[in-house]
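The values are calculated or read from the model by the stated rules, or taken from the named source; none is laboratory data. These numbers were taken from a predicted model, which means no experiment stands behind them. Here the Cβ positions follow ideal geometry from the backbone for every residue, glycine too, while neighbour counts run over all protein chains shown.
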Amino acid sequence: MAEKKAERKAEEKEEEPRIGVYVCHCGVNIAGVVDVKEVAKYASKLKNVVVARDYKYMCADPGQQLIKDDIKEHKLNRIVVAACSPRMHEPTFRRALEEAGLNPFLFEQANIREHNSWVHMKQPKEATEKAKDLTRMAVARARRLEPQQKPKVKVERAALVIGGGVAGIQSALDLADMGFKVYLVEKSPSLGGKMAQLDKTFPTMDCSACILTPKMVDAARHENIEIITYAEVEEVDGYIGNFTVKIRKRAKQVLEDKCTGCGLCAEACPVEVPNEFDQGLGVRKAIYVPFPQAVPLVYTIDDEACLGCGMCEAVCGPEAIDYEQKDEVLELKVGTIIVATGFDQFDARRKPEYGYGRYENVITGLEFERLVNASGPTGGKLLRPSDGKEPHRIGFILCVGSRDAKVGNPYCSRVCCMYSIKNARLYKEKHPEAEVYIFYMDIRAYGKGYEEFYRQAQEEYGIKFIRGRPGEVVEDPKTKNLLVRVEDTLLGLPLEIELDLVVLAAGMEPARDSEKIQRLLRLSRSADGFFAEAHPKLRPVDTLTDGIYLAGTCQGPKDIPDTVSQASAAAARAAIPMAMGEVETEPIVAFVRKELCIGCRICERTCDFGVITMVDRKAHVNEAICKGCGACAAACPTGAMQIRHFTDEQIYAMIEAALREETEEGGREEVKAEA
Amino acid sequence: MAEFEPKIVAFMCNWCSYAGGDLAGTSRLQYPPNARIIRLMCTARLDPAFVLKAFAEGADGVLVAGCHIGDCHYVSGNLKAEKRVKMLKKLLPELGIEPERLMLRWISAAEGERFANTMKEFIALVKKLGPSPLSVSARG
């Protein structure tokens, strides 16, 4: 009877909600704490609920099939799943609805795992009650859900890659090869990033520059890649498919199209300043390229160091010097963005016990790379900074600024074990008589060929591995030799070892400007400060902002093979929307109930994005640019301004349901709780 | 008599605080089960009337949580929420509700621990305050 009455009613006005509720066990993740059968039984008695079931894994195929079958059999028009977080599986279930011919927005998920069973593990009774409440809230909202259409937007077939290290270069090359236009933006005057600074790479001992520079040249030559160096992203606006990006291209004071890279200007320049590329160990001129293989090979005037003497201008044949050149602001239209902004090395001064910055003969791994590099400041001869002599006894201290809660970096930097072993081997190759020590906590040699590389270092090279984190390094002020105090935890003995040179394996930290990038792109960061991926396992290169992807060490410490793989992955992900040509976007935007609008313009003033204008004295929403934050709806005094999928009624229904049981008579004839 | 267990309604933004709650879950951080979370895309959506409605329906406390200042997915939505909460805190005493019953916290997606601690802290605070005057009448 009730059923028929309801049906007649549905004909009269809107169709009556017919809700299916599915309570997921998630194996034992939920069912181990929450009495899922009781929750399903409870849900079956709620108003409009036609079917309520519990099932082991709702996200698995049979679980989804259950929903699809019920939609057909019971003519369900709203679905509630009580399971994990909607941030996990909402897309999965929405798809299931779609496949059963139901609008995907007629779905609501109650989070009874992350927000319940996992955080109230010792309170099964309370957790079960909470699960019922959350399900009741979801049902209350579901009743008021409305179908939504996903608007389609065209995707610009161009990508922005931020950062010109090996990650950015790889992403750019892949996308360009696929036929997309790529803007590759780098803040320093040349592509190359940190990899260009390295001497050799583990475990193959390839010369870093030899394998990197061809890629840099490929990028420069590629017809689809536009390299913009000495430039930074200033503003990012828009959304997937339609980003508008402002780039500030700083004045090099050298005309890129005229400079031939001959270097006469630098020879003539009288000013010498420490060279950043050599970690400040060597010098460069005020007009410079960071390193000989720079791409583009265009000189840059360091405005702060330049005296304006005119020597460079005097010797420049092609008349490329232009002191009056101003910064240029470029506006680009791109469909997708890849963030490849890299890392910065941990500042070893933050571990004062090791004396970096105080003792001349304590250097970092990156400084070691420059000192053994043939194009480095010493021509490839490793010399002690204090006296210019070749060291005989070298110690490498691992985990400096990594796996160290004291400096706020509990994570492993993943490359320090291997690059230190590599550096130790490099030195031993040239100086077999040298005494080389590695002070380690654990050796992490996890990659292809890494363990073998480590074993060789131990067995064939005679490098001494001492398990223990040194307590301190002390300098002998006369000899400038260093005394390392360490407890060998394998022997259980305190040791004091005198060394000529100590190399600190400084770890990786988020790039210093990552906060700025985060804000520009509205990214999130994980607890370690690196940019957060959308899902640590299943969406490792996506971000939570559609159309923006991560490549390389900006997402977390990684070595070169992993960086390059991830860069290619990011390119592949970014190519999807561009290849499709159009994407669906979230329909969660503002809309106006015209009959309630009094034209007060409060919404217009509240909106930060210029979305709302007045048309015929009523608010009008430009849905294409509305971001759906809801500020206008919260400010509207009459309830005219609403957000799709988050209307006042839907939210009020949840508040009511959160605080009280339903009073109306619930239950239907065909109600059933599956046993 | 059993110990007073407050009813808490929490409004959380999708991008930061709700995700922080998810992280508390994946990290298995335990906290008391008193809160019922309502997900909004942004705390900017928080109509002050939602908070009043929650108290009118018998909530003993209302927690609002969003992204840290500067981290808002919508740039400045959290600033708007902050203003509205400030305004509400002035208004609540007029209704006989202690302003402490309304809490605003910034919790990022990476701060599972802060999420759990906020829950513990706020629930303890509301427990100390006792049932909301409105909640008592609501429960009749």
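Taking residues in segment A:424-439 that are more than 18 Å from residue A:488 (Cβ to Cβ), and partners anywhere that are small (Gly, Ala, Ser) and modelled with pLDDT of 95 or more, the pairs with Cβ atoms closer than 7 Å and at least 6 places apart or on different chains are A:425/A:457; A:427/A:434; A:428/A:434. Summed over segment A:260-291, the residues that are buried (at least 21 other Cβ atoms within 10 Å of the Cβ) and closer than 12 Å to residue A:301 by Cα give a count of 8. Looking at segment B:14-34, is at least one residue more than 10 Å from every other protein chain (Cβ to nearest Cβ) and not in a helix (DSSP H, G or I)? For segment B:14-34, residues more than 10 Å from every other protein chain (Cβ to nearest Cβ) and not in a helix (DSSP H, G or I): absent.
Scanning segment B:49-102 for residues that are crowded, with 24+ Cβ neighbours inside 10 Å, in a helix (DSSP H, G or I), among the charged types (D, E, K, R) and within 13 Å of chain A (Cβ to nearest Cβ) returns a single hit, B:80.
The residues of segment A:224-245 that are closer than 18 Å to residue A:578 by Cβ and touching a helix residue (DSSP H, G or I) at 6+ places or on another chain (Cβ under 8 Å), listed by number, are A:224, A:225, A:236, A:240, A:241. Would you confirm whether any residue within segment B:54-75 is without any contact (Cβ under 8 Å) to a residue 12 or more places away in the chain and either at negative phi or touching a Leu at 6+ places or on another chain (Cβ under 9 Å) (or both)? No, segment B:54-75 has no match at all.
Residues of segment A:218-233 being within 12 Å of residue A:182 (Cβ to Cβ) and in a loop (DSSP other than H, G, I, E, B), which ones? Within segment A:218-233, A:222, A:223, A:224 qualify. Scanning segment A:606-650 for residues that are in contact with a His (Cβ under 9 Å, 6 or more places away or on another chain) and more than 12 Å from chain B (Cβ to nearest Cβ) yields A:612, A:613, A:614. Scan segment A:428-457 for residues that are touching a strand residue (DSSP E or B) at 6+ places or on another chain (Cβ under 6 Å) and in a helix (DSSP H, G or I) and jot them down. Across segment A:428-457, the qualifying residue is only A:428. Here residue A:337 meets each of (1) in contact with a strand residue (DSSP E or B) (Cβ under 7 Å, 6 or more places away or on another chain); (2) more than 30 Å from residue A:576 (Cα to Cα) with one exception, condition (2). It is to be established whether one or more residues within segment A:102-110 are touching a Leu at 6+ places or on another chain (Cβ under 7 Å), free of Cβ contacts under 8 Å to residues at least 60 places away in the same chain, in a loop (DSSP other than H, G, I, E, B) and crowded, with 24+ Cβ neighbours inside 10 Å. No: zero hits.
Per-residue answers, yes or no, for (1) touching a residue at least 24 places away in the same chain (Cβ under 8 Å); (2) hydroxyl-bearing (Ser, Thr, Tyr); (3) touching an Asp or Glu at 6+ places or on another chain (Cβ under 6 Å); (4) in a strand (DSSP E or B):
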{"residue": "A:502", "(1), (2), (3), (4)": "yes, no, no, yes"}
{"residue": "A:537", "(1), (2), (3), (4)": "no, no, no, no"}
{"residue": "A:553", "(1), (2), (3), (4)": "yes, yes, no, no"}
{"residue": "A:576", "(1), (2), (3), (4)": "no, no, no, no"}
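One residue alone among A:114, A:126, A:90 is touching a Ser or Thr at 6+ places or on another chain (Cβ under 8 Å), without any contact (Cβ under 8 Å) to a residue 40 or more places away in the chain and either away from chain B (no Cβ under 14 Å) or assigned to a helix (DSSP H, G or I) (or both), and that residue is A:114.
Restrict the check to segment A:27-36 and report whether at least one residue is under 24 Å from residue A:147 (Cβ atoms) and at pLDDT 95 or above. Among the residues of segment A:27-36, not one is under 24 Å from residue A:147 (Cβ atoms) and at pLDDT 95 or above, which makes the answer no. Looking across segment B:80-126, the residues that are out of contact with any strand residue (DSSP E or B) (no Cβ under 9 Å at 6 or more places or on another chain), of a type in the set (D, E, K, R) and more than 25 Å from residue A:634 (Cα to Cα) come down to B:111, B:113, B:120.
Set side by side, the residues A:267, A:226, A:234, A:272 differ, and just one is modelled with pLDDT of 95 or more and closer than 30 Å to residue A:608 by Cβ, which is A:234. Of the residues making up segment A:194-217, those that are more than 26 Å from the chain's Cα centre (by Cα) and outside any helix (DSSP H, G or I) are A:199, A:200, A:203, A:204, A:205, A:206, A:207.
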